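Below you'll find the structure, written out as structure tokens, and then a few comments.
Throughout, read-outs are computed from the coordinates displayed, never taken from laboratory work. Please read these numbers as outputs of a predicted model, since none were measured by experiment. Methodologically, a virtual Cβ is constructed for each residue, glycine included, from the backbone with ideal geometry; neighbour enumeration extends over all protein chains shown.
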Amino acid sequence: MTPDDLSARIRAALPDAIVRVTDTTGGGDHFAATVVSAAFAGKGPVDRHRLVYAALGEAIIGSAAPIHALALTTFTPDEQGART
Amino acid sequence: MTDALRQRITDTIAKGRIMLFMKGNPSMPQCGFSAAVVSILKQIGVPFESFNILADGELREGLKEYSSWPTYPQLYKDGKLVGGADIVRDLHERGELAKLLSS
């Protein structure tokens, strides 16, 4: 799994998403991602994470999944604007 | 998922008002993310129960499906998922976790 693969999967499910992914260990299995999408509006952190996990599907579910760890930060476009 | 496994999952989540599903146990976490959550809970000073998912493969995979949450640790309060390591750390940094867990 590469950061580009991971971004592509997230964007396939959340087409408006701006996604930044880094491979935190260089091993292709531990990642950190920041995702900005309007789909997060009105949702708490647990439901936001679930949206991203659902987008990744089998890549993150199960003991043989290629993604072992994903540190996730989520914003709506408005929240992102307020930070910068 | 079988009814028996679903029942075992709900019973296990109900073992503590604050319940941490982690890799290893609080005195010897087997994963940095689990260790980080244990450290935050100890810092806050709330009592919590824990379950070592490495010792129970069936429950480990079943709970992921039950909660639509694919990774560990998972922290529950009164049967409801609070979040994994990112969310717990974020709530703690914003000063909201202690209030949420002690309510």
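Annotations
- Matching residues in the range B:16-40 - criterion: being touching a helix residue (DSSP H, G or I) at 6+ places or on another chain (Cβ under 8 Å) and not β-branched (Val, Ile, Thr): B:MET19, B:LEU20, B:PHE21, B:MET22, B:LYS23, B:GLY24, B:PRO26, B:PRO29, B:GLN30, B:PHE33, B:SER34, B:ALA36
- So B:GLU65, is it of a type outside the set (S, T, N, Q), within 20 Å of A:ALA64 (Cβ to Cβ) and within 11 Å of chain A (Cβ to nearest Cβ): yes
- Sole exception among (1) within 19 Å of A:VAL46 (Cβ to Cβ); (2) in contact (Cβ under 8 Å) with a residue 12 or more places away in the chain; (3) among the small types (Gly, Ala, Ser) for B:SER50, by number: (1)
- Qualifying residue in the range A:33-53 (condition: exposed (fewer than 14 other Cβ atoms within 10 Å of the Cβ), among the small types (Gly, Ala, Ser) and in a helix (DSSP H, G or I)): yes
- Scanning the range A:36-59 for residues that are within 21 Å of B:ARG89 (Cα to Cα) and within 12 Å of chain B (Cβ to nearest Cβ) yields A:GLY44, A:PRO45, A:VAL46, A:ASP47, A:ARG48, A:HIS49, A:ARG50, A:LEU51, A:VAL52, A:TYR53.
- Scanning the range A:1-43 for residues that are farther than 22 Å from A:HIS68 by Cα and of a type in the set (Gly, Ala, Ser) returns A:ALA17, A:SER37, A:ALA38, A:ALA39, A:ALA41, A:GLY42.
- Filtered by the rule that a residue be more than 13 Å from A:GLY44 (Cβ to Cβ), within 12 Å of another protein chain (Cβ to nearest Cβ) and surrounded by fewer than 19 Cβ atoms within 10 Å (Cβ to Cβ), the range B:78-92 gives a lone residue, B:ARG89.
- Taken over the range A:1-32, the criterion of being part of a loop (DSSP other than H, G, I, E, B), surrounded by 14 or more Cβ atoms within 10 Å (Cβ to Cβ) and acidic (Asp, Glu) is satisfied by A:ASP29 alone.
- Of all residues in the range B:66-83, those satisfying the criterion of being out of contact with any Ser or Thr (no Cβ under 6 Å at 6 or more places or on another chain), under 16 Å from B:GLU49 (Cα atoms) and without any contact (Cβ under 8 Å) to a residue 60 or more places away in the chain are B:TYR72, B:GLN74, B:LEU75, B:LYS80, B:VAL82, B:GLY83.
- Qualifying residues in the range A:72-82 (those that are crowded, with 17+ Cβ neighbours inside 10 Å and under 18 Å from A:LEU6 (Cβ atoms)) - the one nearest to the other protein chains (Cβ to nearest Cβ): A:LEU72
- Of everything listed in (1) crowded, with 18+ Cβ neighbours inside 10 Å; (2) more than 14 Å from every other protein chain (Cβ to nearest Cβ), the single unmet condition for B:LYS15 is (1).
- Restricting the range B:94-103 to residues that are without any contact (Cβ under 8 Å) to a residue 24 or more places away in the chain and within 12 Å of chain A (Cβ to nearest Cβ), the residue that is nearest to B:ILE9 (Cα to Cα): B:LEU100
To keep it simple, each residue is scored yes or no on (1) polar (S, T, N, Q); (2) free of Cβ contacts under 8 Å to residues at least 12 places away in the same chain.
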site	(1), (2)
A:VAL46	no, yes
A:GLY62	no, yes
A:PRO66	no, no
A:ALA69	no, no
A:GLN80	yes, no
